[in-house]
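The values are calculated or read from the model by the stated rules, or taken from the named source; none is laboratory data. A quick note: this is a predicted structure, and the numbers were derived from the prediction, not measured. Positions of Cβ are backbone-derived with ideal geometry, glycine not excepted, and every protein chain shown enters the neighbour counts.
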Ligand code: MN
């Protein structure tokens, strides 16, 4: 077993080889400090803990990072696992090192589980956004690389979960940062744990064919070497079998066996200058037949992660195709170490501040996981400065504008959450509404059914337009409610003034006539207009006076009919509702709240038109439940009638966009819902759609409601009177 001195020596050698300008004194002090802090700790392998930071520092040195990064790598677990403090590290090793260590610690603390691809993408962005200094993520990748190399000491469950994280987060990040070599190693080792059989199959095949592969590669190599020396080009050539995971992925993607897979082999020619790259290309195409359509010039058009090379695929002896990559030494450095290589060149220029690495963020944002020629430039260059990424308690990543507060978070989840919010917790601690969210925070919103709704100052606290719009909507609706209440009160007092019972207006037969006379779609609209002052109560009543007096006259006679038909046992009516104590009376479902089986219901004996069934929580039912009316309310229950359907309606608030009605119709058709009527009104970018349709019960209705809510652009789906 290698001792910790061996590891120390090997790390120091890497520093001297790859970072000759590094300050050895401070690195030595950092080692001594970390060694002392971790003194009593052991790794799962049984080795002293310090071997881990030493190995991470060695990787960090190998990829060419500077003294601060190497020192931070040595100290990277001190904040999390020892009693060292930020202040200690800052005092002993400087502010920059302390910030790097803290940055790595924060990333270590992020907890996450496997999620959908879009979520993973947000998580990767979160990682980038959290690493204000690009060195933080590079150290974290080095940390993961060493942990991956030593996975054998972990439990099988941990091996799998860590390997998945590596595949989903760290390998893609290494790729984006252009660190090809590390990416390959992360992928190959992870594959070994995630699909041992699939991995072994490839390894076995490659081993079996090692002999012929080697002689094939030797032959190609000497052929190229000879040509280059003949024409006097100075270059270095070597062949390799492609990395295991890339073979694995190709087999999966193309659904082929390894025998059927073409180009398992790749050659690299590294030369001194760009002119020679193109010269070598010419000679390769002269020696072997190129495969049409496979030439790619990443020198004139570098990949988004800065990768540059010429790629071509040619056919060798026995018709075996292979890829040749041609590049300069500088391009090679970049290909192997990506951003880190770039760092190396810049090492003596800047101070490693954020600004300097702005381009990295830009590059990460722009980059698609496709070849350079099909990637599309995004205009959102300042993405990471503008966004903050936080978690829900269940681990979903939510992206919000920078500076966002719990209010923004609540409304991003759902407007109902925002409207019923009574408090918030950030990382399990109670936080104020104005608290600023930071990357990686876990945010929980406390809600209450009796919440009073948003307050006006939330509008100035919140950062996101989304929250602001939803809060404004709430106020608009609230105000409408106030108007309705006020309007209703003055309308009803006007009715009483002319000797008409205000309840008469609710009568299902009379109501449509009344509404037509006053030219409103529903009573609430008329009340709102009266409350707002757009219409006087006297004028409204004047228009419907005749109808009202006519109806009033027939009331008493009808009530007698109802009383005569009382029987002992309740019976189901054809309408699917049982009215307590009354058999075979006319049943009407109220149009205001359109109840369906599953809703808690109540019946109202109307003046002349039988029993009108309301949802118990319908405002119209509530309003009329004063003691004076008690005798007219009857208990009603749903009869068992599984095959019957009931007319009901939903109102959909959404943005006004093309295809909305089609989306609504598609969902309804998919759910086999019979639609009676569907209509939509658009106004200043918003649309209000109403659908009248048939359902069997509340469960089905809620399902429809949820599905409609999922349509893009839909902000709210309401039942009547909600
Ligand atoms: Mn570590």
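Would you confirm whether or not region 274-286 contains a residue that is in contact with a strand residue (DSSP E or B) (Cβ under 6 Å, 6 or more places away or on another chain) and closer than 30 Å to residue 200 by Cβ?
no
When you look at residue 219, is it in contact with a helix residue (DSSP H, G or I) (Cβ under 7 Å, 6 or more places away or on another chain), surrounded by fewer than 16 Cβ atoms within 10 Å (Cβ to Cβ) and outside any loop (DSSP other than H, G, I, E, B), yes or no?
yes
Just to be sure I understand, how many residues within region 667-695 are buried (at least 18 other Cβ atoms within 10 Å of the Cβ) and either in contact (Cβ under 8 Å) with a residue 60 or more places away in the chain or under 18 Å from residue 653 (Cβ atoms) (or both)? Write out each step before concluding.
Here is the first cut: in region 667-695, the ones buried (at least 18 other Cβ atoms within 10 Å of the Cβ) are 668, 673, 687, 689, 691, 693, 695.
With the extra rule that they be either in contact (Cβ under 8 Å) with a residue 60 or more places away in the chain or under 18 Å from residue 653 (Cβ atoms) (or both), the set shrinks to 668, 687, 689, 691, 693, 695.
Residues flagged as buried (at least 18 other Cβ atoms within 10 Å of the Cβ) and either in contact (Cβ under 8 Å) with a residue 60 or more places away in the chain or under 18 Å from residue 653 (Cβ atoms) (or both) within region 667-695 amount to 6.
Restricting attention to helices (runs of 4 or more DSSP H) lying wholly within region 22-83, give those where 2 or more residues are more than 16 Å from the ligand (Cβ to nearest atom) and over 37 Å from the mean Cα position of the chain (by Cα). Break it down stepwise before answering.
Numbers: elements: 24-37, 51-62, 67-74, 78-81.
Answer list for region 22-83: 24-37.
Go through (1) at pLDDT below 85; (2) exposed (fewer than 15 other Cβ atoms within 10 Å of the Cβ); (3) closer than 27 Å to residue 523 by Cα; (4) touching a strand residue (DSSP E or B) at 6+ places or on another chain (Cβ under 8 Å) one by one and return the number of the condition residue 622 breaks.
(4)
Conditions tested, residue by residue: (1) surrounded by fewer than 18 Cβ atoms within 10 Å (Cβ to Cβ); (2) in a loop (DSSP other than H, G, I, E, B); (3) in contact with a strand residue (DSSP E or B) (Cβ under 9 Å, 6 or more places away or on another chain).
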| position | (1), (2), (3) |
| --- | --- |
| 171 | no, no, no |
| 174 | no, no, no |
| 183 | no, no, no |
| 188 | no, no, no |
| 247 | no, no, yes |
| 253 | yes, no, no |
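Take residue 198 and tell me if it is assigned to a loop (DSSP other than H, G, I, E, B) and either surrounded by fewer than 20 Cβ atoms within 10 Å (Cβ to Cβ) or away from the ligand (no atom under 15 Å from the Cβ) (or both).
Numbers: assigned to a loop (DSSP other than H, G, I, E, B): no; either surrounded by fewer than 20 Cβ atoms within 10 Å (Cβ to Cβ) or away from the ligand (no atom under 15 Å from the Cβ) (or both): yes.
Spelling it out, it is not the case that residue 198 is assigned to a loop (DSSP other than H, G, I, E, B) and either surrounded by fewer than 20 Cβ atoms within 10 Å (Cβ to Cβ) or away from the ligand (no atom under 15 Å from the Cβ) (or both).
Criterion first (at pLDDT 90 or above and either farther than 30 Å from residue 127 by Cβ or part of a loop (DSSP other than H, G, I, E, B) (or both)) does residue 455 satisfy it?
So residue 455 fails the test.
Which of the following residues is touching a residue at least 24 places away in the same chain (Cβ under 8 Å), within 16 Å of residue 279 (Cβ to Cβ), in contact with a helix residue (DSSP H, G or I) (Cβ under 8 Å, 6 or more places away or on another chain) and part of a helix (DSSP H, G or I): 224, 237? Please lay out each step first, then the result.
Values: 237 fails: part of a helix (DSSP H, G or I).
Matching residue, one of 224, 237: 224.
Considering only helices (runs of 4 or more DSSP H) fully contained in region 362-439, which possess at least 1 residues that are buried (at least 20 other Cβ atoms within 10 Å of the Cβ) and at pLDDT 85 or above?
Per the criteria, 406-413, 415-419.
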